[in-house]
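First comes the structure, then the notes that go with it.
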Amino acid sequence: MAKRLFITEKPSVAASFAEVLGVKISKSERTRGFAESEGIIVTWCFGHLVTLAYPEAYDQKYKEWKVEHLPIIPNEYKYVIIDDEGVKKQFDVISKLMNRDDVEVIYSCTDSGREGEYIFRLVYNQCGCKKPVRRVWISSQTEEAIKKGIDEAKDISEYNSLASSAYCRAKEDWLFGMNFSRIFTYMYGRELSRHLNETKPCVIAVGRVMTCVLGLVVDRENEIRNFVPQIHYGVQADFLSADSLISYKGKWQPEKKNRRKTKENADKEGIKKDKENIDKENMDDEEKYISKEEALKLIEKLKGESAVIKKVEIKEKKEQPPLLFNLAELQSEANKKFKMPVNKTLEVAQNLYEKKLISYPRTDSRVISTDVVNEIPKILNAIYVTPEFKENIKRIKEFGELKINKSTKRYVDNGKITDHYAIIPTYVKANMASLSEDERNIYTLVVKRFLAIFYPPAVYNTVRVETEIKGEIFISNAKTLKEPGWKEVYEVSPAKGEEEITDSPIHKLKKNEKCSVEKLDLEEKETKPPPRYTDGTLIIT
């Protein structure tokens, strides 16, 4: 009887496919590396089983690192089974299954992405198999998604471009690493070993990604070490309004005389700056400080003087819910909130994916597809069962009709999706008690970011007050949260320099209201070097 062979990337994923296909994987079958029923065989890889061979596989002379051998550019690349007993055993299992006479068609069920495609193709080619292959492409491991993926599996030739990009990237890494590591070690290895008091020359590893990241870190470190702090001075006043009896603070605003340049004036002076740059220059001028002597002189000038409010500007600002998570944003947010390393976040997210709780994590997209919109009610109903999120779902129901539909371009856009849509929860009900602390944290982040998009915008009142003392202007700013909106469910980590929310009632001040000057203080500020990179900031740089 002809059989179908299903090959997954990991044993845990094989279990999900086996369950859908009606195949039971016993302990003995897990040991032998596959499970089989009347018409179906399920087996699995352990991630990568095959890799590019080292240079000495092409010529034994490359065992010695000599500059005259460089560059090493193979005419045809060689691949080998990874030197690990368990890997070799599983490769032999898959090879025999692929080439069994009763296996008619093979289903590639590795992760739906470039790396998953590469893992399968390497094994398939290394086994010398020529049988037809169908590609199962899914974004979650729910039973429904797996069934649909199998039913709609395409001929693997449909993914040849994806495979080609995977092969090209691997070859690029090989060429870059094998050649540059050798030349840099030849040029600088001995010198580095002397600095480190090592007896043998140091090997300097160079890679396509690692070297770029190291360059960013070194450049930032040099900025920090070469930074020369500067001290600037300003003046801060404490006011008490005469009518409303509101206490508030204001910062002295340097006069902008002769500093503001309109676009027209800039053009006359032959300065080729666009309006945006000029506005930025004006904004920077507002942050300028003066010398200590000038600040003290100003304080002396204003002592004993009264003040009057010249302007009160109140604006309402709406803040939309943030976009959904892609992998980089999830890693950055987890690092900020939980100090979780980025590789740990990916590991945890992958575990949640394999437990069918979230969609595929290795995605660049921050929106969902129109197809997923139909599943939203089912997902919300599953989340409602989890006590931690029940009140959030009740609030969404209070808002009435769901605000997300197929025409909501901010969150639903097929054109902005590459391989996979954003990371969202699935309709599988989560048992939070059974998850590890890290899994609960990441799952909660994903769920709350998803729920936030169904909430209304957050609404702020921003207030700017100008207070005058003897012709000098002091600025006061405040930001108050009027309506929390989506911030009821999810609060993003504040960006650097973002205005803090305050409960100061300066919005009640009135134009022309007189004030007493309670205090004048010398303000001293020292410029700071840029911060060192963290896992979270580096991943989105």
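The values are calculated or read from the model by the stated rules, or taken from the named source; none is laboratory data. These figures come from a predicted structure and were not determined experimentally. Positions of Cβ are backbone-derived with ideal geometry, glycine not excepted, and every protein chain shown enters the neighbour counts. The area values use the complete protein model at the heavy-atom level, side chains included, leaving out ligands, DNA and RNA. Shrake-Rupley method; radii C 1.70, N 1.55, O 1.52, S 1.80 Å.
Can you pull out the trypsin sites (Lys or Arg not before Pro) in region 351-444 that DSSP calls coil and that have at most 10 other Cβ atoms within 10 Å?
On the way: sites: LYS355, LYS356, ARG362, ARG366, LYS378, LYS390, LYS394, ARG395, LYS397, LYS403, LYS406, LYS409, ARG410, LYS416, LYS429, ARG440; in loops: LYS355, LYS356, ARG362, ARG366, LYS403, LYS406, LYS409, ARG410, LYS429.
Of the trypsin sites (Lys or Arg not before Pro), the ones in loops of region 351-444 whose Cβ has at most 10 other Cβ atoms within 10 Å are LYS409.
So what's the net charge close to GLU198: Lys and Arg +1, Asp and Glu -1, counting the other residues with Cβ under 14 Å from its Cβ? Write out the running numbers ahead of the final one.
Numbers: positive: ARG190, ARG194, LYS200; negative: GLU191.
So the environment of GLU198 carries a net charge of +2.
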- Task: Could you tell me what percent of the accessible area of the chain is made up of carbon and sulfur, with a 1.4 Å probe and every protein chain present?
- Result: 50
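Counting only other residues whose beta carbon sits under 13 Å from that of LYS10, what net charge do I get with K and R as +1, D and E as -1?
Result for the local shell: -3.
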- Residues meeting the amide H criterion for ARG362 (H placed from the backbone, H to H distance under 5 Å, 5 or more places apart or on another chain) are none
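Rounded, prolate or oblate: which one fits region 377-449, using the alpha carbon gyration tensor with axes a ≥ b ≥ c (rounded when a/c is under 1.5, else prolate when a/b beats b/c, else oblate)?
Numbers: a/c = 2.51, a/b = 1.29, b/c = 1.94.
Note, shape of region 377-449 comes out oblate.
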- Item | VAL235 long-range amide H proximity, modeled H, under 5 Å | TRP252, GLU523
- Task: Could you work out the local net charge near TYR62, counting Lys and Arg as +1, Asp and Glu as -1, over the other residues with Cβ closer than 15 Å to its Cβ?
- Result: +1
- Message: If I model a spin label at LYS154 and ASP173 as a point 7 Å from the Cα along the Cα→Cβ vector, what separation in nanometres do I get?
- Response: 2.5
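Filter the GluC sites (Glu not before Pro) in region 391-464 to those in DSSP coil with at most 15 other Cβ atoms within 10 Å of their Cβ, and list the result.
On the way: sites: GLU391, GLU398, GLU401, GLU437, GLU439; in loops: GLU401.
Those that pass, being in a loop and sparsely packed, are GLU401.
Hey, what number do you get for the chain at 222 nm if only DSSP H runs of n ≥ 4 count, each worth -39500 (n - 2.57), divided across all residues, to the nearest 500? Walk me through the numbers before you get to the answer.
On the way: 17 runs with 202 residues, N = 541.
So the helix-based figure for the chain works out to -11500 deg cm²/dmol.
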